[in-house]
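See structure below.
The values are calculated or read from the model by the stated rules, or taken from the named source; none is laboratory data. None of these values were measured; they are calculated from a predicted model. Every residue, glycine as well, gets a Cβ built from its backbone with ideal geometry; the counts of neighbours run over all protein chains shown.
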Amino acid sequence: MTVLDTSSVISRVRRGVEVWENVTTIALIEYPPLRGYEKFQGTIYFASEDDQLLAATLQERLRRVGRPMSAADLLVAAICINRGEELVTRDEDFLALAEAEPSLRVRVEHER
């Protein structure tokens, strides 16, 4: 399956299209209109303890190479890794994280 990052959620909601992909609570917090979006059909994933610990490990790796990321982005990535889901985003910063952690599958969407 697929998890949408907030940037991709916003793009879909603004276009008024069905959203069948999954999202994280991070997307819900960053973009509250998602909660009332009638065309959202996916699942909302909540970060577990394992997700949070993995996010911290990922940050350690990124800091060692001088490329730290926000806690929100790290949690999104950890949720995807731990569930074996692909992350769909408009944010190319996730590509650096995928280099540091090859089990993170990232697809970057471009403007339509």
- Query: Are there any pairs with C-beta distances below 7 angstrom linking a residue in the stretch 29-58 that is within 18 Å of residue 97 (Cα to Cα) and without any contact (Cβ under 8 Å) to a residue 24 or more places away in the chain to a residue that is surrounded by fewer than 16 Cβ atoms within 10 Å (Cβ to Cβ) and aliphatic (A, V, I, L, M), with the two at least 6 apart or on different chains, and if so which?
  - Reply: 55/71
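Taking the residues in the stretch 81-91 that are touching an Asp or Glu at 6+ places or on another chain (Cβ under 7 Å) and not hydroxyl-bearing (Ser, Thr, Tyr) as candidates, determine which candidate is modelled with the lowest pLDDT.
Initially, the stretch 81-91 is screened for residues touching an Asp or Glu at 6+ places or on another chain (Cβ under 7 Å), giving 81-82, 87-91.
Subset that is not hydroxyl-bearing (Ser, Thr, Tyr): 81-82, 87-88, 90-91.
Values: 81: 98, 82: 98, 87: 98, 88: 98, 90: 94, 91: 91.
Checked the stretch 81-91; the qualifying residue modelled with the lowest pLDDT is 91.
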